[in-house]
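Peer 1: Questions regarding the structure given below will be posed in turn.
Just so it is clear, none of the values below were taken in a lab; they were calculated from the coordinates. Everything numeric in this text was worked out from a predicted model, so none of it was measured. Quick reminder, even Gly has a Cβ in these numbers, built from the backbone with ideal geometry, and neighbours come from all protein chains shown.
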Amino acid sequence: MSAEISFISLFLEASLLVKLVMLMLLLLSITGWAVIIQRRTILNHATAHARRFEDKFWSGVDLTRLYQELSARPERNSGMELLFVAGFKEYMRLSQTASSGGAIMDGSQRAMRVALSREVDKLESNLSLLATIGSTSPYIGLFGTVWGIMNAFIALGAVQNATLNMVAPGIAEALIATAMGLFAAIPAVIFFNRYSTKVEKLENSYINFIEEFSSILHRQAFNDKEAR
């Protein structure tokens, strides 16, 4: 409790600029944790969703039936489901108009790559904010520290007999700004790196799915053209 009272008293006695720095760092910390929690939920959901869809896709289900099922509820589709729907939709459209299996495959792969880009953008959303918080918070805290120490020494120079007790509060309030900067930055950096790795793994799994699905469509496209 005494530590809390001491922190509050130091904040109240700090200069206006140092107070603004502390409030900014507190806001950055809260924002960072909000993004961390949001991204955790989204990435965990995306990972589980991809695993369930892969299990269903490779279970031997009829692809046309799977496409119809997913197309009936487009608002619930995400990740690999959207890649599958985009690719299979373009495949069926081009199967009726394209003159060669190569044209069908080019169009289907192009549609899946566009869907992949959109999905990766969704997964990476707000990660740049974590990187910004992680990289700027220590410098904001350092600015508050330098300003606070400078004011403490200016006040110290205005008295005849200076003592440690006179300068200690000013230095303490200044160092709190650095501590708050690190408190905001460290979780942001840790989770930015962790979530970036998760996004990369998901992106790789999406790319692998596109390659495997393209192989299936390739066989089907050229078999259909030969049958005609």
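Peer 1: In segment 51-97, which chymotrypsin sites (Phe, Trp or Tyr not before Pro) fall in coil by DSSP and have 12 or fewer other Cβ atoms within 10 Å? Present the calculation step by step, with values, prior to reporting the outcome.
Peer 2: Numbers: sites: PHE53, PHE57, TRP58, TYR67, PHE84, PHE88, TYR91; in loops: TRP58.
Counting only loop positions with at most 12 other Cβ atoms within 10 Å, the chymotrypsin sites (Phe, Trp or Tyr not before Pro) in segment 51-97 are TRP58.
Peer 1: Separate question: Which aspartates and glutamates have a Cα lying under 15 Å from the Cα of LYS19, excluding residues fewer than 8 positions away in the same chain?
Peer 2: Of all the aspartates and glutamates, those that pass the test against LYS19 - Cα under 15 Å, at least 8 places apart if same chain - are GLU173.
Peer 1: If you don't mind, another one. Ignoring everything except DSSP H segments at least 4 long, calculate the 222 nm mean residue ellipticity for the chain; use -39,500 (n - 2.57) per segment, divide by total residues, nearest 500. Could you put the intermediate results ahead of the total?
Peer 2: Details: 7 runs with 200 residues, N = 228.
Helix contribution divided over all residues of the chain: -31500 deg cm²/dmol.
Peer 1: While we're looking at this one, here's another question. How do the peptides 134-143, 212-221 rank, highest first, by the average count of neighbouring beta carbon atoms within 10 Å per residue? Don't jump to the answer; show the numbers that get you there.
Peer 2: Numbers: 134-143: 18.4, 212-221: 16.3.
Going by the mean number of other Cβ atoms within 10 Å, highest first, we get 134-143, 212-221.
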